[in-house]
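Only one structure is covered here, and it is reproduced in the block below.
Just so it is clear, none of the values below were taken in a lab; they were calculated from the coordinates. Note that this is a predicted model, so its numbers are computed, not measured. Glycine gets a Cβ as well: all are built from the backbone with ideal geometry, and neighbour counts include every protein chain shown.
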Amino acid sequence: MRIGYPCINTTLDCKADRTFRLKSYSEERLMATVQNNLGCLARILEYNAQNHLLFFRITSDLVPFASHPVCRFNWQRHFAAQLSEIGRMARSHRMRISMHPDQFVVINSPNEEVVDNSIRELQYHAQVLDLMGLDLSAKIQIHVGGVYGDRAQSLARFVGRHALLSEAVRRRLVVENDERSYALADCLQVSAATGIPVLFDAFHHQILNRGETVAEALRLAARTWNVEDGPPMADYSQPSPGKSRGSHAASIDIRQFRRFLSETSPLDFDIMLEIKDKEESALKAVKADRDDARLATSAPA
């Protein structure tokens, strides 16, 4: 069991998600920004390895405008060596990497332009992970998308569009249950039709479910993962007191987290903490979980 956090490290004095406005685009600015982002990403992974945080979600903003028609610069070739070195670092520490495109990536949209943009964005994400030399346990997670007034048709449209994606994308794609439209049962239906592994989001499941307990839901999701996909992945968060129903907590409640670990034992899976204070909660979670036999804390290979 690896524990991690997404995209941003609040302890370090750098950002791996720097971007700029489209009207300011130039190849020079793109190269400088990506250079900064890759340098910071390397520092984040070093920090994570030192602190036994062996799961990290890379920001989609690593290469700004990579999927936009304005970008004609061959960033793949220019930054290939750096991406390869970052991937080597992750592999040497047995660190798992993932990515999660922004919510505008919707492959079941009835709008063809949205779909075309989504496919280009997914291709970019797959290129990053491929250039890092990561195996198929490095996943790209997306939601099913919108309902558009017809759930059955929208699910069928997702399945049909999935078949049109490149092999580079399909082999890394996982689908996640959400809190508004598509529960775990819907994602399992998609998985049965496409073979996509289902990433279980525990927080979303609390809000939208079909009566499955957390343990039952995680077991069902875990069955959709093959050996080459790596251990099942799960997103974990907690509600923010006094905020809207879907708001994520500012910091982890360790008692709730330990209850989650107890409920899901002995199933082994990797946990992405979607908590607002990022690595601070992840460090607390690793400390709280140190007696769990599932926990991976030895970074060096």
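The string of couplings for segment 139-155 from the Karplus curve (6.51, -1.76, 1.60, θ = phi - 60°) is 10, 10, 9, 9, 9, 4, x, x, 8, 6, x, 8, 4, 4, 5, 5, 5 Hz, one whole number per residue in order, with x for Gly and Pro.
Ignoring lysines fewer than eight residues from K15 along the same chain, the ones with Cα atoms less than 21 angstrom from its Cα are K276, K278. Pairs of alpha carbons in segment 198-265 separated by more than 14 Å make up 62% of all such pairs.
Taking the chain, how much of its Cα-Cα pair set, in percent, is spaced more than 30 angstrom apart? Please report the intermediate quantities before stating the final value.
Details: 13673 of 45150 pairs.
In whole percent, the long-distance tail amounts to 30.
Here's the picture: a label point sits 7 Å out from the Cα of S24 along the beta-carbon direction, and within segment 49-68 the residues with their amide nitrogen under 20 Å of it are 59-68.
Taking 13 Å as the cut-off, the amide N atoms of segment 78-110 that come nearer than this to a point 7 Å along the Cα-to-beta-carbon line of Q153 belong to 109-110. Sequentially through segment 81-92, phi angles give Karplus couplings (6.51, -1.76, 1.60; θ = phi - 60°) of 5, 5, 5, 4, 5, 5, x, 4, 4, 4, 5, 5 Hz, Gly and Pro residues having no value and appearing as x.
Debye-formula intensities of segment 46-179, expressed as log10 I(q)/I(0) at q = 0.19, 0.20 Å⁻¹, are -1.10, -1.19 (one equal scatterer per alpha-carbon, no solvent).
Our helix-only sum for the chain, with -39,500 (n - 2.57) per DSSP H run of n ≥ 4 divided by its residues, gives a mean residue ellipticity at 222 nm of -12500 deg cm²/dmol.
Here K287 is the anchor, and the aspartates and glutamates within straight C-alpha reach of less than 15 Å, apart from those fewer than 8 places off in the same chain, are D253, E279. Based on the Kirkwood approach, the hydrodynamic radius assigned to segment 22-89 is 13.0 Å, with every pair of different Cα atoms included.
For the chain, C7, C71, C187 stand unpaired, since no other cysteine beta carbon lies under 4.7 Å from theirs. With θ taken as phi - 60° and the Karplus curve 6.51 cos²θ - 1.76 cosθ + 1.60 applied, the whole-hertz 3J(HN,Hα) list for segment 206-214 is 4, 8, 10, 8, 10, x, 6, 5, 4 Hz, x standing for glycine and proline.
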